[in-house]
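I have placed the structure first, in the form of C-alpha cells, so that the comments after it can refer back to it.
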Amino acid sequence: DLDPNYAFTKEIVSTSEAHTGAAEGTDPAITDLTIGETVTYRLTATLGRRTTDSAQILDVLYIANGRLDIRSVTVTAGAALSRSDGRAWDADVSISDAQGLDGYADTVQIDFNTVVNDPTLSTATADEQIVILIEAVVVNDGENQHGDVINNEGEFRFLQDIDEDGVR
C-alpha cells in the first residue's frame with residue numbers, strides 16, 4: 001500500500017491520581033479527574049505517503065464547563081517523516097490562552113509546514129506518525145467544582161493534492 005489513509009486520534013494516556021479515572025466515576029466512557037490532577041493526552045497523526053502541505057495540529061481544551069491549564073507539550077515524529085524546512089518537530093509549538101483570557105493555557109497549535117513521508121524509511125506504522133503529548137492540570141477554579149464534563153478537541157489539518165494534478 002503506497003498511500004495509507006490519513007488518520008488522527010486523541011486519547012488520555014495517564015493521570016496523576018489513582019483514585020480517579022474511567023472506572024471510578026458514574027460513566028465508564030468518561031475519565032474523571034479531580035482538582036490539582038495532571039492529565040496527559042496523546043494526539044497521533046498518521047500521514048499519507050509522499051508530501052503533506054500545510055500540516056498543522058490544533059488542540060483546544062474548551063472552557064465552557066471547566067478549566068485545564070496546559071503545562072507542557074512534547075512532539076516526536078517517526079523515522080520516515082521529515083520537515084521540508086529542516087526545523088525541529090517542536091520548533092513551531094504555540095501554547096496560548098485563546099478560549100477565555102482567564103490566564104490558563106488552553107490551546108496548542110503546532111505548524112509543521114510541509115512534511116515528507118518517505119516510504120523507503122518506513123518499517124512500521126509508528127514511522128509514519130507524529131505524536132504529541134500534552135500535559136495539563138485541572139485548576140482550582142469554581143468551574144471545576146460541579147462535576148461537569150470538559151469537552152476538548154484535537155484537529156489535524158493539511159492540504160492534499162488528491163488527484164496529483166498540482167492543485168491543492
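The values are calculated or read from the model by the stated rules, or taken from the named source; none is laboratory data. Remember, predicted model here, so these are calculated numbers, not experimental data. Reconstructed Cβ throughout: ideal geometry from the backbone, glycine too, with neighbour counts over all protein chains shown. Protein only, heavy atoms only, side chains kept; ligands, DNA and RNA dropped before computing areas. Shrake-Rupley method; radii C 1.70, N 1.55, O 1.52, S 1.80 Å.
Between Val138, Val93, which is at pLDDT below 90 and under 30 Å from Ser16 (Cα atoms)?
When all the criteria are applied, what remains is Val138.
Only a single item in (1) within 19 Å of Ala45 (Cβ to Cβ); (2) surrounded by 13 or more Cβ atoms within 10 Å (Cβ to Cβ) is not met by Tyr104, and it is number (1).
Pairs linking a residue in the range 117-130 that is under 17 Å from Ser84 (Cβ atoms) to a residue that is part of a helix (DSSP H, G or I) and open to solvent by less than 50 Å² (accessible area, probe 1.4 Å), with Cβ atoms under 8 Å and 6 or more positions apart or on different chains, are Asn117/Glu128; Leu121/Asp127.
Among the numbered criteria (1) over 30 Å from Arg50 (Cα atoms); (2) at pLDDT below 85; (3) loosely packed, with under 15 Cβ neighbours inside 10 Å, which one does Asp163 miss? It is condition (1) that Asp163 fails. In the range 119-153, the qualifying residues are those that are exposed (fewer than 15 other Cβ atoms within 10 Å of the Cβ) and among the acidic types (Asp, Glu), and the one that is farthest from Arg42 (Cα to Cα) is Asp148. Scanning the range 48-70 turns up at least one residue that is open to solvent by 70 Å² or more (accessible area, probe 1.4 Å), part of a strand (DSSP E or B), modelled with pLDDT under 95 and on the phi > 0 side of the Ramachandran plot. When residues in the range 101-142 are screened for being aliphatic (A, V, I, L, M) and within 16 Å of the chain's Cα centre (by Cα), 11 of them pass. Filtered by the rule that a residue be open to solvent by 40 Å² or more (accessible area, probe 1.4 Å) and touching a strand residue (DSSP E or B) at 6+ places or on another chain (Cβ under 9 Å), the range 71-91 gives Arg71, Ser72, Thr74, Thr76, Ser82, Ser84, Asp85, Arg87, Ala88, Trp89, Asp90, Ala91. For the range 16-28, filtered to residues that are of a type in the set (Ser, Thr, Tyr) and open to solvent by 50 Å² or more (accessible area, probe 1.4 Å), the residue that is modelled with the lowest pLDDT is Thr26. Being outside any strand (DSSP E or B) and open to solvent by 40 Å² or more (accessible area, probe 1.4 Å) is the filter; apply it to the range 33-47 and report the residue that is farthest from Asn151 (Cα to Cα). Restricting to residues being outside any strand (DSSP E or B) and open to solvent by 40 Å² or more (accessible area, probe 1.4 Å), the top hit is Gly36.
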